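Have a look at the structure below, then the notes.
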Amino acid sequence: MKITLRERTAETTAIYFRKASTPQIRRTLPQKAKTLAEALEDFEATRLFLLEIIPKYNLHTIGAFTYADNLPSVKVLEKNHFTMVEALVEDGVSSEYYEFSSSL
């Protein structure tokens, strides 16, 4: 199976939320948002945060660590144009380091 991540928009957030709202999928891919409005708020908050801090602090890259098995965090990072730079294991726990480049 090939999975392609596309740019995250309000429309794609709504489509994903509707498709992932079945009880079976929610057990497999838990989501913080319980309603479409909450999912759209989360999407918009992340987008606005990045748009505000990049010019304010003259940032060129933003880094983020997450546990490799924390799939919701991985998806949020990837949907917001972060790319995985390094996978590492520390004390037996797999983690990943992501970066966002403001030149994108």
inquiry  = Of all residues being aliphatic (A, V, I, L, M) and not in a strand (DSSP E or B) in the stretch 71-92, which is surrounded by the fewest Cβ atoms within 10 Å (Cβ to Cβ)? Just the residue, please.
reply    = Leu71
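Here is a yes/no grid of residues against (1) more than 28 Å from Glu11 (Cβ to Cβ); (2) charged (D, E, K, R); (3) modelled with pLDDT under 85:
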residue: Glu78; (1), (2), (3): no, yes, no
residue: His81; (1), (2), (3): no, no, no
residue: Glu86; (1), (2), (3): yes, yes, no
residue: Gly92; (1), (2), (3): yes, no, no
residue: Ser102; (1), (2), (3): no, no, yes
message = I'd like to check something: does the stretch 15-37 contain any residue that is out of contact with any Gly (no Cβ under 7 Å at 6 or more places or on another chain), aromatic (Phe, Trp, Tyr) and modelled with pLDDT of 75 or more?
response = no
ask   = Could you say which residue among Ser95, Ser102 is under 17 Å from Arg47 (Cβ atoms), hydroxyl-bearing (Ser, Thr, Tyr) and surrounded by 12 or more Cβ atoms within 10 Å (Cβ to Cβ)?
value = Ser102
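The values are calculated or read from the model by the stated rules, or taken from the named source; none is laboratory data. Given the structure is predicted, the values throughout are model-derived calculations rather than measurements. Reconstructed Cβ throughout: ideal geometry from the backbone, glycine too, with neighbour counts over all protein chains shown.
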